[in-house]
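**Student:** The structure that follows is given in the form of structure tokens.
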4 protein chains.
Amino acid sequence: MSDSRIAVLGVGLMGADHVARIQSRISGARVAVVNDYVTDKAEQLAASIPGCRAIVDPLDAIADPDVDAVLLATPGPTHEKQLLACLEHGKPVLCEKPLTTDVETSLAVVRREAELGVRLIQVGFMRRFDDEYVELKALIDGGELGDPLLLHCVHRNPAVPDNFDSAMTVRDSLVHEVDVTRFLLGEEVTSIQIVTPTPNPAARQGLFDPLIAILRTAGGKHVDVELFVTTGVAYEVRTELVAEKGSAMIGLDVGLVRKSAPGHWGGTITPSFKERFGRAYDMEIQRWVDAVRRGGITGTYVEGPGAWDGYAATAVCEAGVQALQSGQPVAVSMVERASIQAGWHR
Amino acid sequence: MSDSRIAVLGVGLMGADHVARIQSRISGARVAVVNDYVTDKAEQLAASIPGCRAIVDPLDAIADPDVDAVLLATPGPTHEKQLLACLEHGKPVLCEKPLTTDVETSLAVVRREAELGVRLIQVGFMRRFDDEYVELKALIDGGELGDPLLLHCVHRNPAVPDNFDSAMTVRDSLVHEVDVTRFLLGEEVTSIQIVTPTPNPAARQGLFDPLIAILRTAGGKHVDVELFVTTGVAYEVRTELVAEKGSAMIGLDVGLVRKSAPGHWGGTITPSFKERFGRAYDMEIQRWVDAVRRGGITGTYVEGPGAWDGYAATAVCEAGVQALQSGQPVAVSMVERASIQAGWHR
Amino acid sequence: MSDSRIAVLGVGLMGADHVARIQSRISGARVAVVNDYVTDKAEQLAASIPGCRAIVDPLDAIADPDVDAVLLATPGPTHEKQLLACLEHGKPVLCEKPLTTDVETSLAVVRREAELGVRLIQVGFMRRFDDEYVELKALIDGGELGDPLLLHCVHRNPAVPDNFDSAMTVRDSLVHEVDVTRFLLGEEVTSIQIVTPTPNPAARQGLFDPLIAILRTAGGKHVDVELFVTTGVAYEVRTELVAEKGSAMIGLDVGLVRKSAPGHWGGTITPSFKERFGRAYDMEIQRWVDAVRRGGITGTYVEGPGAWDGYAATAVCEAGVQALQSGQPVAVSMVERASIQAGWHR
Amino acid sequence: MSDSRIAVLGVGLMGADHVARIQSRISGARVAVVNDYVTDKAEQLAASIPGCRAIVDPLDAIADPDVDAVLLATPGPTHEKQLLACLEHGKPVLCEKPLTTDVETSLAVVRREAELGVRLIQVGFMRRFDDEYVELKALIDGGELGDPLLLHCVHRNPAVPDNFDSAMTVRDSLVHEVDVTRFLLGEEVTSIQIVTPTPNPAARQGLFDPLIAILRTAGGKHVDVELFVTTGVAYEVRTELVAEKGSAMIGLDVGLVRKSAPGHWGGTITPSFKERFGRAYDMEIQRWVDAVRRGGITGTYVEGPGAWDGYAATAVCEAGVQALQSGQPVAVSMVERASIQAGWHR
């Protein structure tokens, strides 16, 4: 199966990041088209990617017959029109949040997709793909902790741009917690209250920060969210689930920590080397593939441990097997590296 | 640049895992050839991969002009011959450990590569690509903790196959800690001692388990390693560095934990959403690309939150902005999902 | 200085616990009088304590010339009268919460003490004496984290008696968090809201559990409290402070954990053996004193390591000093314990 | 029962600490006699304690008819003679380690006590009274983790005095781990090896630091101990037990952490408020007793929350009960503190 050809619309911070991701870390796809209202930026980016074109009009990019799917990283106000175009052309689209900037247009998009009868639109709530949220969701669905009762969420940013206002805290930060609530609890949110405590002195005049959002779901579950975007500390996103038979917290920098009867707290040890080092294997192979592809230029086809490292390990282990038998310290015998290394590039 | 064509030699547990990895998670490469001494297995696997052939003789696979690089997951005793063949054909090779099974042949391979003057052989010590080891290495190299003095390593497996003996504990488990020692400390190991305490009652008769390995490096640094392969618990790999100005531990299931003057312990909070959710973005895009590619068959081009989820989030946030102004609870207004969903596949 | 003579009024669960505490762990005081409306219980308890009498009327106990101070563990409705009696007799009194059961009588007691011009009444908010709260208070007062902005509190009980209702959750559980708020923030609470989510199925019919309390202080600080008294798990009391320059959490079962710029989380390592083992020394000496006092009866004056343990340690260390010189394993030489132990009691 | 009269011999750092402990935190005992070879120091200390005398000759102190028991905090070389004197006079004695400074005299003391047939000597291995060691011992004895196999111990000091040498590391630091080994495993140590890695550059010339001690017990169990006394960081004492069915670590600054099948790690949540706040209650009562005793001088009989704090809590909870019914924010109504406080001292 050949790679899917993606048009990335909007190549600002987030869009450019997605372009790099697709080119370097995603298999089965390539960036075929880029588009941005800053046309120069799109042109330059396209030039750096084999087989990639810049297209000036986003609707042309969507319609292009050599585009299989669309990644929308354009500003929110343009989403409605672009999403509807994707639907008309039957192009799958991954749309960075928000779907659209108001409820009416969002609903119109939902209705149009439903009329077409095929699910083409995915929204970029990426937390649903985060290991810890996935683990927490599985813990809930597994039923061991019983019914969920409460969620306590914390969303902290070290700083925000000067133009950031409290409505943005709601629309850009809280929106993730709203989706987390819906994802974890599987219920719609039915009411919301916002508490505005005395603001952080470091917050820009007029910015209510921190905010506390209090949500209630259709099933009467309570969710509170601390939103604090001028902490000066770091990025912290935390969710605690409180359920009938125990609680669990993610985002503590220590993996999922769970408390349940009879009075234990703790987490899970990785069951095998696959879980523990799966990503390391991915990285190892990716780095090696990259080194191999660059090898004609760099003169080395290795990024990582080389033959000498294999030899050294063998020498130590051979001595180790002797030591296992004797119980005494055994000296490791190796040739001088310098006697060999002369022949090597770098 | 077109994808590198990889021959995977040996498609047992580890080799098959690498084949799946290259096909699904590695960009810039594809599996062009597979080989195994169980020829049926190789044939079947090749048939499942577009553009992939099975080749019966590993040396033919290495020599094949349509192979750019070789991944060696064959049994250790065959490595020497296969590595030398890779060198003769100038093919980059990633060799799963061990390099070879004895010191003399390992050295011969090292010498041959050095004579050719180009680094073609990489050895599969994948821990060097693990986030925690990378972080620990960076901490050492950054110099904040001063010179390393000691390493305490723990390597625990829940169970091993029936044919596993103590020499395999040394050659297959300890070998990783040997490489970790050399990687972290940047020094060769000069002596080794093995302590055999009273064995775990659960260990097979004749298996010395746990073992304690005591290494000393060229610079006089001490490394001790607990090797315990019948714990019945889980996979645990832990390294504690003790240095001049503090210590740091990885593998505690809680990220790197560091202790340093004046009497603090702790870790690092993720600085931004990129570090925190980078992998989630990768997963999100990969899942979406996969859904798009399967869409013609499944009838949905979405794996993840869809348009309704975007609409629901918009509706809640819009109510949130009102609540921000009023300070009172605001009901969230949404249409009934059932009024729309009729039109949807799945 | 001779020991203060305490009258303990009310010797139910809490009062009896205080009697035991004063007799066994508190220096400088002894229980001289006990009182309870169940007179038999008081009589029995008094009989078990050297120099202790039971007095039937609590006001007589307060007035007794051989009572220096009063500990009030009687039911709340009796407090007003008893506190006023203590004030009239000039007796210092430690009053378990609540001060009184309604605002008017509480205020009357406050006014009466103020008229007398001497502080005699202490209220039993014992968290102010807990190491973690003390550490958190010191962290706030030290100013490193800047002004406090928010508190997130959690108060969980595994279970409550059948007669427990939601007003008791407020009066008996929330009351501690109210004092914690006032203690940590140094501000009065000016408003309170209670959210009642769908109750835990395990909660008795009619009990709103969990509850969420939302407090606001005079300075506009926000405090939220989860009150959940039917968790079935364990006793969990947690407070997170969010301040201008960082945050800190206590009650996580891992000591105070703090997050502050530049992106670090962590705790404090005990600076010296005094902090680490101070309590162990206390326990050691107390147990030894107890053993000495019981020795005439038990025939042993030791509770803990004995002379043999001292000998064994000396023997190992002496071999250790030899091993330090030789670098080789040194066998430890000791006589057979049985050759000596014959002479010993137990 | 009247208080036991203790003679404290040696009132240097450790002895003086014990004097303070007995006077302020230990019930059932008082310091009746102090002794030190620096006679002025003993005189001064005695003068500060009601009913306490200084006695110049330690043997006179032991023999004194008004001494019930002896606490020995004198230098090790004097222990033999003083212990034998305690035995002759039938006086219970708590002897700070070491029992004596060499194996022969230690054995002589053991034999003499055995001849007398009554256990009078306790040795000051205080870790046996530390909560975490007690919990670890109970975990071992409970049998859930099966037979112990290994101990990994770490003993780190930030710094040592200039006269500290490596033999002292063995005799003063390792000695504790020797007792921990014997206490936890219930077996004698049969051999010992000491590894001397390249020393910490910060260690004084000639001091081998860190040291690694490798012990083997009668049952073939392995114990390794890192001894590092110039870390510059803090006091760290850690023990990891590795057993047949799991492992457990104490001293990580996070309580006992345990790993066991099926792949879980974790600790224990406090079961009830007694365990969680027991010490806080002790502290609360002790501070109150102290305040009561000092009240005639200070003019206040309170150290902690006073009547106002009780009133404020009552006012907030009363508003809370209203808020529970209404679901709306309720303002808290209180009088101005200034209107009352005028009457108060401090």
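Throughout, read-outs are computed from the coordinates displayed, never taken from laboratory work. The shown structure was predicted, so the numbers you read here are calculated from the model rather than taken from an experiment. Neighbour counts run over all protein chains shown; Cβ positions are idealised from the backbone, glycine included.
**Student:** Counting only Cβ atoms, what residue of chain B lies nearest to the axis that sends chain B onto chain C, and how many whole Å off?
**Tutor:** B:Gly266, 1
**Student:** Then there's this: Between A:Ala63 and B:Arg337, with labels modelled 7 Å along Cα→Cβ, what's the label distance in nm to one decimal, could you check?
**Tutor:** Taking the two extended label points, one gets 3.6 nm.
**Student:** In addition: Positive end of the charge dipole of segment D:273-341 (Lys, Arg +1 and Asp, Glu -1 on Cβ, about the Cα centre): tell me which of D:Val292, D:Thr314, D:Gln328 has its Cα farthest that way.
**Tutor:** Most positive-ward Cα: D:Val292.
**Student:** Nothing charged except the Cβ atoms of Lys and Arg (+1) and of Asp and Glu (-1): what's the magnitude of the dipole of chain C about its Cα centre? Round to the nearest 20 debye.
**Tutor:** So the magnitude is around 620 debye.
**Student:** While we're on this one: Between A:Arg294 and D:Ser272, what is the label-point separation in nm under the 7 Å Cα-to-beta-carbon projection?
**Tutor:** Spacing of the two 7 Å Cα→Cβ label points: 6.4 nm.
**Student:** Looking at the protein assembly as shown, what % of its DSSP beta bridges pair antiparallel, to the nearest 5?
**Tutor:** 60 percent
**Student:** Given that compact globular proteins tend to follow 2.2 N^0.38 Å, what is the ratio of the alpha-carbon Rg of the protein assembly as shown to that value?
**Tutor:** Computed over Cα atoms of the protein assembly as shown, the ratio equals 1.04.
**Student:** Right, here's the next one. Could you pull out every whole DSSP H run in chain B that spans at least 30 Å of Cα extent along its own axis and averages 0.0 or higher on the Kyte-Doolittle scale?
**Tutor:** Membrane-span-like by this criterion, though nothing is claimed about a membrane: none.
**Student:** What are the lysines whose alpha-carbon lies under 16 Å from the alpha-carbon of D:Lys245, with same-chain residues fewer than 8 places away excluded?
**Tutor:** Filter leaves D:Lys137, D:Lys221, D:Lys259.
**Student:** Hey, another quick one. With only alpha-carbon pairs counted, each pair once and no self-pairs, how large is the Kirkwood hydrodynamic radius of segment C:305-346 in angstroms?
**Tutor:** After inverting the mean inverse Cα-Cα distance, the result is 11.6 Å.
**Student:** Two decimals is fine: what's Rg over Rh for segment D:188-346, C-alpha atoms, Kirkwood radius as Rh?
**Tutor:** Over the Cα atoms of segment D:188-346, Rg/Rh equals 1.22.
**Student:** Something else: Suppose you put the label 7 Å out from Cα in the Cβ direction; list, shortest first and in nm with one decimal, how far C:Gln325 is from each other copy's label.
**Tutor:** 3.4, 8.6, 8.8
**Student:** Please report the spacing between the Cα centers of segment D:101-164 and segment B:26-58 in Å, no decimals.
**Tutor:** Going from one Cα centre to the other spans 62 Å.
**Student:** List the GluC sites (Glu not before Pro) within segment A:272-341 that fall in a DSSP loop (any state other than H, G, I, E or B) and whose Cβ has at most 11 other Cβ atoms within 10 Å.
**Tutor:** Those satisfying the criteria are A:Glu336.
**Student:** Given charges of +1 on the Cβ of Lys and Arg and -1 on the Cβ of Asp and Glu, with all other atoms neutral, how large is the dipole of segment A:128-266 about its Cα centre, in debye to the nearest 20?
**Tutor:** 240 debye
**Student:** Could you give me the radius of gyration and the Dmax of chain A, taking only the C-alpha atoms into account and expressing both in angstrom?
**Tutor:** In order Rg, Dmax, the Cα atoms of chain A give 26.2, 80 Å.
**Student:** Further, regarding this structure: What percent do you get for the relative contact order of chain A when only Cα pairs under 8 Å and 6+ apart count?
**Tutor:** 10 percent
**Student:** Still on this structure: When the Cα centres of segment C:200-265 and segment A:240-257 are compared, how far apart do they sit, in Å?
**Tutor:** 13 Å
**Student:** Calculate the FRET efficiency for D:Leu13 and D:Glu115 from the Cβ-Cβ distance with a Förster distance of 56 Å, rounded to the nearest 0.05.
**Tutor:** Result of the calculation: an efficiency of 0.95.
**Student:** Another question, then. Placing a label point 7 Å from Cα toward Cβ, how far apart in nm is A:Asp165 from its equivalents in the other copies, listed shortest first to one decimal?
**Tutor:** Counterpart label points of A:Asp165 in the remaining copies fall at 4.8, 7.7, 7.7 nm.
**Student:** Additional query: With charges set only on the Cβ (+1 for Lys and Arg, -1 for Asp and Glu), what does the dipole of the protein assembly as shown come to about its Cα centre, in debye to the nearest 20?
**Tutor:** About 0 debye.
**Student:** What ranking of B:Cys153, C:Cys52, A:Cys86 emerges when the number of other C-beta atoms within 10 Å of each C-beta is taken as an exposure proxy, fewest first?
**Tutor:** Lowest count first: C:Cys52, B:Cys153, A:Cys86.
**Student:** Using a Gaussian network for chain D with springs between C-alpha atoms less than 10 Å apart, which of these wobbles most: D:Arg112, D:Arg287, D:Arg53?
**Tutor:** Comparing D:Arg112, D:Arg287, D:Arg53 in a Gaussian network model of chain D, the most mobile one is D:Arg287.
**Student:** Give the nm distances, rounded to one decimal, from D:Gln44 to the matching residue in every other copy, measuring between label points 7 Å along Cα toward the beta carbon; shortest first.
**Tutor:** Shortest to longest, the spacings are 5.3, 7.5, 8.7 nm.
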